[in-house]
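Coordinate-derived values only; no laboratory data. All values reported here derive from a predicted model rather than from experimental measurement. Note that each Cβ is placed from the backbone with ideal geometry, even for glycine, and that neighbours are counted across all protein chains shown.
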Amino acid sequence: MDKIGKYQILKKLGEGATSVVHLAHDPFAERDVAIKVMAGNVFSEGERGKLARKLFVTEASLAGKLNHPHITQIYDAAADADPSYIVMEYVAGGTLEPYCTPDKLLPLVDVVEMIFKCSRALDFAYRLGVIHRDLKPANILRGGDSGTDVKISDFGAAITTSSDQTAIAGIGSPAYMSPQQVQEWPLDHRTDIFSLGVVMYQLLTGQLPFQGSNNGSIVHQILNTQPPPPSAMRAGIPAVVDRVVMKAMAKSLEDRYANWDDFSFDLAEIFRNERLAQTRTEIADSEKFNTLRGLSFFRNFSDVQLWEVLRLSDWQRSPPGTVLMREGTPGDTFCILAGGEVKVTKNAKLLNILSAGECFGEMAYLGEEAGTRGADVSTLSEATVITVPTKALRRASDACRHSFDRAFLRILVERLSLANTRLTSV
């Protein structure tokens, strides 16, 4: 097989019971893609074939809808082709399955970061009415051999909040199912919270919390037994991590996290643990994301746009007295203050004191060409500074640039209003 549709097949990536996944090249978009090709006769195999077709259609129907940096994009699908196929974003790092054994465990802080990113992606999906229903390490892809970038894949078992939830009951992997799912009760996002808690437990310890020789035994444990906390299985796990994992896996809906925001917040707060904070030399992505969500500058940015900002910006913590910009020097970046205070001076005269959520140096982006800095900017206290290269922002999505333009316009209006107030009070 050399081609499928317009896609040039490069090599086989993997094979399952009903499909084969190939690495291919899209000559029109000039990018590599992954193509899931259904077995030629799978749709005609009685009830099994009907189920396979339904799962295929479910996944294919999401093409172009779940556009999030931590969800594998579906670009194209052909249900009536021979063979049927789905074209997806190619993610080079493979799944998280290899990191679920005691001898290949990832660092604790990396696991927390990955689960945080999954939680934000699943919140995004749920806000569009989609519940994944089959979360497991095999359905979470890693962006590379290192780092914490992940993408959730395989929405074939997904349900939507407007659909008949019993249509494909029983689909999923029993070891990761919530008590509500194994009992085939109506489901909402909290079933995915439970499943992601199980994934987190396995990535932390190298073991599943619920194990058995058969599905019946696993289901019994999910419904009736309390697994030991992760710290009992791996040395060095703080109590705060135990609490987050066990709350996500609570059997009762009342005891489990009520929503993705609460789960995400507690994951990000883990990094406030003193011992964990000492293991990191850089600001965690979870901390960056939550910081952006809390800043007035970014109040009209969507979650997807915030992830884009995070990717194109540089972050640094600067001690008091650090000169961030110097009058008369060239500048092709602008900054948003995420924490602390800075002073703006010109000819040694104080012009302004800025606090968290305010920007400076924005004329480097708003001007036609990068010019020279019009003032000195230095820190008054320890400050967290977000630096955005103007070239990177100009390459950003239209939606992201539009949100920046609106934020700059709002700030300009606020500054003009403040200037008018000062003039009228003189």
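Details
- Our compactness index for the chain, the C-alpha radius of gyration over the empirical 2.2 N^0.38 Å, is 1.13.
- Once you reduce the range 283-351 and the range 74-144 to the center of their Cα atoms, the two points are 31 Å from each other.
- For the chain, built as a Gaussian network whose Cα springs stay under 10 Å, the top-fluctuating residue of ASP398, ASP149, ASP303: ASP398
- Taking the chain as a Gaussian network of alpha-carbon nodes connected by springs under 10 Å, the highest mean-square fluctuation of the residues ALA39, ALA235, ALA24 belongs to ALA235.
- Axis of helix 303-312 versus longest Cα principal axis of the chain: the two differ by about 60°, to the nearest ten degrees.
- Here the Karplus relation 6.51 cos²θ - 1.76 cosθ + 1.60, evaluated at θ = phi - 60°, turns the backbone of the range 186-196 into coupling constants of x, 10, 9, 4, 5, 5, 5, 4, 4, 4, 5 Hz, with x for every Gly and Pro.
- Too-long pairs where the Cα-Cα distance tops 27 Å, listed order kept, from LYS36/LYS251; LYS251/LYS288; LYS36/LYS117; LYS151/LYS288; LYS6/LYS117: LYS36/LYS251; LYS251/LYS288; LYS6/LYS117
- Placing dummy labels 7 Å off each Cα toward the beta-carbon, the span from LYS247 to ALA79 is 4.1 nm.
- Relative contact order (%) - criterion: Cα under 8 Å, at least six apart; region: the range 3-89: 22 percent
- With a Förster radius of 51 Å applied to the beta-carbon distance between MET363 and ASP32, the computed FRET efficiency rounds to 0.80.
- Shape call, the range 212-253: gyration tensor on alpha carbons, a/c limit 1.5: oblate
- Coupling constants for the range 58-73 follow from the phi torsions by the Karplus curve (6.51 cos²θ - 1.76 cosθ + 1.60, θ = phi - 60°), and in residue order they are 4, 5, 5, 5, 8, 4, x, 9, 9, 8, 9, x, 10, 10, 5, 6 Hz; glycine and proline get x.
- Against the chain, whose longest principal axis is taken from its Cα atoms, helix 260-269 shows a tilt of about 60°.
- Pairs of Cα atoms nearer than 8 Å and 6+ residues apart set the relative contact order; for the range 82-232 it is 27 percent.
- Spatially proximal aspartates and glutamates relative to LYS247 (Cα-Cα < 12 Å; intrachain offsets below 8 disregarded): ASP255, ASP262, ASP266
- Value of D in µm² per second that Stokes-Einstein yields for the range 117-260, Kirkwood Rh from Cα pairs, at 20 °C (1.002 mPa s): 138 µm²/s
- Among the GluC sites (Glu not before Pro) found in the range 18-67, those both in a DSSP coil and sparsely packed, with 14 or fewer other Cβ atoms within 10 Å of their Cβ, are GLU30, GLU45.
- Across the chain, C-alpha contacts under 8 Å between residues 6 or more apart give a mean separation that, scaled by the residue count, equals a relative contact order of 10 percent.
- Simple spin-label estimate for GLU97 and ASN214 gives 2.5 nm between the two label positions (7 Å along the Cα-to-Cβ direction from each Cα).
- Comparing GLY206, GLY216, GLY374 in a Gaussian network model of the chain, where Cα atoms under 10 Å apart are tied by springs, the biggest mean-square fluctuation is seen for GLY216.
- Dimensions (Å) - the range 34-148, Cα atoms, principal axes, largest first: 46, 33, 23
- Distance histogram in 10 Å bins (all Cα pairs of the range 302-425, percent per bin): 12, 42, 37, 9, 0
- For ILE74, neighbours were defined as the other residues whose beta-carbon sits under 11 Å from its Cβ, and their charges (Lys and Arg +1, Asp and Glu -1) total -2.
- Gain on full extension, evaluated as 0.36 nm per residue between LYS104 and ILE353 minus their Cα-Cα distance, stands at 84.7 nm.
- Translational D in µm²/s for the range 3-89 (Stokes-Einstein at 4 °C, 1.567 mPa s, Kirkwood Rh from C-alpha pairs): 97 µm²/s
- Here the gap between LYS3 and ALA63, fully extended at 0.36 nm per residue and compared with their Cα-Cα distance, gives a gain of 19.5 nm.
- Computed from backbone phi, the HN-Hα couplings of the range 351-359 come to 9, 6, 10, 10, 10, 3, x, 9, 10 Hz, rounded to whole numbers (Karplus: 6.51 cos²θ - 1.76 cosθ + 1.60, θ = phi - 60°; Gly and Pro given as x).
- Compared with the dominant principal axis of the Cα atoms in the chain, helix 239-248 is inclined by about 50°.
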